1. Looking only at residues in the stretch 25-70 that are small (G, A, S) and within 30 Å of K97 (Cβ to Cβ), which one is surrounded by the most Cβ atoms within 10 Å (Cβ to Cβ)?
2. How many of the residues in the stretch 49-102 are at pLDDT 95 or above, of a type in the set (D, E, K, R) and farther than 13 Å from A35 by Cβ?
3. Look at the stretch 1-44 and say how many of its residues are in a loop (DSSP other than H, G, I, E, B) and at pLDDT 95 or above.
Amino acid sequence: MKKSALAISMALALASTAVYAGATKKDASQAIYEAVTANNQAAKMGFEWKFTYKKLLGPAKKAYHKGNYAKAIKKANIAKSHADLGIIQANYAKNKKIQLVN
């Protein structure tokens, strides 16, 4: 399980840092939508990463509104990776009967 989670996280990290030459408004919008959806799911499961919105999704939306679609996609993809990893953590905790301590 640890090796597969590590492999997934590495693949997500590499995919999220790709350079987006010729990024379009539609591409950026889709990337942000997917990141927000995944982050909402992670939050619903109780495993939203602390700075995903403040440091990644917020700046992605600002970049989108300024027309910097490449930056918006890059930030959104990293945010989606964080959300996906939070979902993996939630599923792992659920399967191992691990509870969060607040």
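1. By that ranking, first place goes to A35.
2. Of the residues in that region, 3 qualify.
3. Qualifying residue count for the region: 1.
The values are calculated or read from the model by the stated rules, or taken from the named source; none is laboratory data. Since this is a predicted model, take the numbers as computed values, not measurements. For neighbour counting, all protein chains shown are included, and Cβ atoms are generated from backbone atoms with ideal geometry for every residue, glycine included.
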